[in-house]
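Written below as structure tokens is the structure these notes are about.
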Amino acid sequence: MTVQASHLVSQTLENTAPLRPVVLSTWRHGLAANAEAWKILSSGGRALDAVEQGVRICESDPNNLSVGYGGLPDREGNVTLDACIMDETGDCGSVAFLQHIEHPVSVARRVMEATPHVMLVGEGALKFAVVNGFKKKDLLTNKAKKEWEKWQADHPDAIKDRQVNIENHDTIGLVAIDNKGNMSGACTTSGMAWKLNGRVGDSPIIGAGLYVDNEIGAASATGVGEAVIRAVGSFLVVELMRQGHSPQNACRLATERVIRKNPGWQKLQVGFIALDKMGRVGGYSIQPGFDYAVYDHAGRNRMVQAKSRL
Ligand code: GLY
């Protein structure tokens, strides 16, 4: 886009009343998360509280096989969780490779608010969570264990197998703008099913799985984390919006970048969602089938089918 065209876009936006509050999240499980977030936003609450409470719904759902309690384990049967959160000031917190804690997003928020750090991982993150009053829980449900046992039976050479599950990536990324125009985001997942023990994806990495810039907008990613990290995907979406692209176009262009950075992209799924300061939303993915949930300023919570490259 030329400088002149970008100037025209910002002029148009300046003359339009912003739409808010708005909540936007990945996949169908986003409907329930949005509804929870909306309870806070519709009573004048802060976007940060809304995004945290929203994704906690998915973290607690035992039928959700890709987030929190009930998430599918790694190859050795461990449920390991990744999550992050970011607020309107640019402050952020993150946990990765965290076990035994149902709400990694809330531990991430505690890291943000109570420590000088951004990210805690593994045993250290667990110790921090327990010291801060989070209760330990067995996160491997019978349903997830049965899936893991079936996968092991089908893959006797599992530990040597380079191919891991690339379909199960239904991360919840949720971004919101509140009545005051402040934006926040949260992202949480049990990550790639049957991953190697110790693997961390894009979801807890600020800039990859999630990015918020209160002047511009917010974005989150879902899909194969390695592919998203290589393109620093969510940061890229926000930077494209800064250049004047709509949320929809920014998601499309970021997906194109992921494609350029990942040979073999035809076999991968990566999707982005984006929300700008005006309350406009967008989403785009490599493969068809990605959808996202939008709770708009008019109070409608609905699914939108994302456009895709393939
Ligand atoms: N996007 C989630 C993951 O790759 O772990």
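Tabulated values for the structure
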| quantity | calculated |
| --- | --- |
| Test for ASP213: is it more than 8 Å from the ligand (Cβ to nearest atom) and either acidic (Asp, Glu) or without any contact (Cβ under 8 Å) to a residue 40 or more places away in the chain (or both) | yes |
| Pick from segment 173-191, criterion open to solvent by less than 10 Å² (accessible area, probe 1.4 Å) and assigned to a loop (DSSP other than H, G, I, E, B), ranking: nearest to THR89 (Cα to Cα) | GLY181 |
| Tabulated pairs, segment 240-256, first over 13 Å from LYS307 (Cβ atoms), second surrounded by fewer than 22 Cβ atoms within 10 Å (Cβ to Cβ) and small (Gly, Ala, Ser), C-beta under 8 angstrom, 6+ apart or interchain | GLN243/SER6; GLY244/ALA5; GLY244/SER6; GLY244/SER10 |
| Entirely in segment 53-162, the strands (runs of 3 or more DSSP E) that have 2 or more residues that are touching a Cys at 6+ places or on another chain (Cβ under 9 Å) | 81-86, 92-98 |
| Which listed residue is surrounded by fewer than 24 Cβ atoms within 10 Å (Cβ to Cβ), among the acidic types (Asp, Glu) and at negative phi, from ASP202, ASP213 | ASP213 |
| When residues of segment 195-214 are limited to those that are within 12 Å of the chain's Cα centre (by Cα), in a loop (DSSP other than H, G, I, E, B) and of a type in the set (A, V, I, L, M, F, W, C), the one farthest from ASP74 (Cα to Cα) | ALA208 |
| Qualifying residues in segment 217-236 (those that are of a type in the set (A, V, I, L, M) and in a helix (DSSP H, G or I)) - the one surrounded by the fewest Cβ atoms within 10 Å (Cβ to Cβ) | ILE229 |
| Of all residues making up segment 259-310, the number that are surrounded by fewer than 23 Cβ atoms within 10 Å (Cβ to Cβ), of a type in the set (Asp, Glu) and assigned to a strand (DSSP E or B) | 1 |
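The values are calculated or read from the model by the stated rules, or taken from the named source; none is laboratory data. The shown structure was predicted, so the numbers you read here are calculated from the model rather than taken from an experiment. Positions of Cβ are generated from backbone atoms using ideal geometry, with glycine treated the same way; all protein chains shown enter the neighbour counts. We work out accessible area using only protein heavy atoms, side chains counted, and drop any ligands, DNA or RNA first. Shrake-Rupley method; radii C 1.70, N 1.55, O 1.52, S 1.80 Å.
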